[in-house]
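A short worksheet on the structure shown next.
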Amino acid sequence: MKKYLAEMVGTMVLVLMGCGVAVSLECGTDTASVVGTAMAFGLAVVAMAYTIGGISGCHINPAITLGCFLTKRISAKDCGMYMLFQVIGAFIGSAILYLLTTNSGLEGTGANDLQDGVSMVGGLLAEIFFTCVFVLVVLGATAKTNGATNNFAGLAIGLSLILVHLVCIRYTGTSVNPARSIAPAVFQCGTALTNLWIFIVGPFVGAALAALIWKIVEPKEA
């Protein structure tokens, strides 16, 4: 049960800090807000990786959990429970953020949505491709065959999330994480809720592709 609770806490922190910065900086197309938001999500992952990584592995993302399940690193039971507690954690983080913003004259909860000029297909493809890259980094950085570099997995994963956000924010605000998208969309409603399926289907398809790629390139243990 402790690892499930760890996933809940970790996802809560990720959503509260990442989405919180996006709201505070009014993340849009200006460079400062995009870089700041990207840094927030990446740093939140690094912080949680070294906080709960030894307890649960610090997935804090159903897409990562799916990738780990498909590569046979966790059981079906743990896969389902991780996802459940990640979503619960996301709702706690979003509820705290909603409470703060509604009492501070700010709007929104940092929900993902299609950006100006981006079609549903464009948004879906962006979420698939960038989730694939992100989950592939996670699978590689945490692989037992990676030797001593395993100690720096949290840093590598956090930095890769920053990179993914820098590229993808212009398309979808960057999800690559269904839990991170579900809770804020429920609080924010509107088109964020209407387009929510993109931020569930896209990351899961991307994670499955990453698992397939990793199975092909994964070196055999000595």
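The values are calculated or read from the model by the stated rules, or taken from the named source; none is laboratory data. Note that this is a predicted model, so its numbers are computed, not measured. Cβ coordinates were reconstructed from backbone atoms using ideal geometry, including for glycine residues, and neighbour counts include every protein chain displayed.
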Looking at region 101-131, which of the residues that are under 12 Å from the mean Cα position of the chain (by Cα) and assigned to a helix (DSSP H, G or I) is surrounded by the fewest Cβ atoms within 10 Å (Cβ to Cβ)?
F130
Pairs, first in contact (Cβ under 8 Å) with a residue 60 or more places away in the chain and farther than 17 Å from A40 by Cα in region 173-202, second assigned to a helix (DSSP H, G or I) and among the aromatic types (F, W, Y), C-beta under 6 Å, six or more apart
A183/F91; F187/Y98
Mind counting the residues in region 178-222 that are modelled with pLDDT under 95 and within 15 Å of the chain's Cα centre (by Cα)?
0
Answer residue from region 17-33, given it is closer than 18 Å to L106 by Cα and of a type in the set (A, V, I, L, M, F, W, C) and is modelled with the lowest pLDDT among those:
C27
Over 24 Å from A210 (Cα atoms), buried (at least 19 other Cβ atoms within 10 Å of the Cβ) and either among the charged types (D, E, K, R) or modelled with pLDDT of 95 or more (or both): does that describe V13?
yes
Count of residues meeting criterion [touching a Ser or Thr at 6+ places or on another chain (Cβ under 6 Å) and not in a loop (DSSP other than H, G, I, E, B)] in region 174-206
9
For region 49-67, how many residues are over 14 Å from the mean Cα position of the chain (by Cα) and farther than 16 Å from G10 by Cα?
0
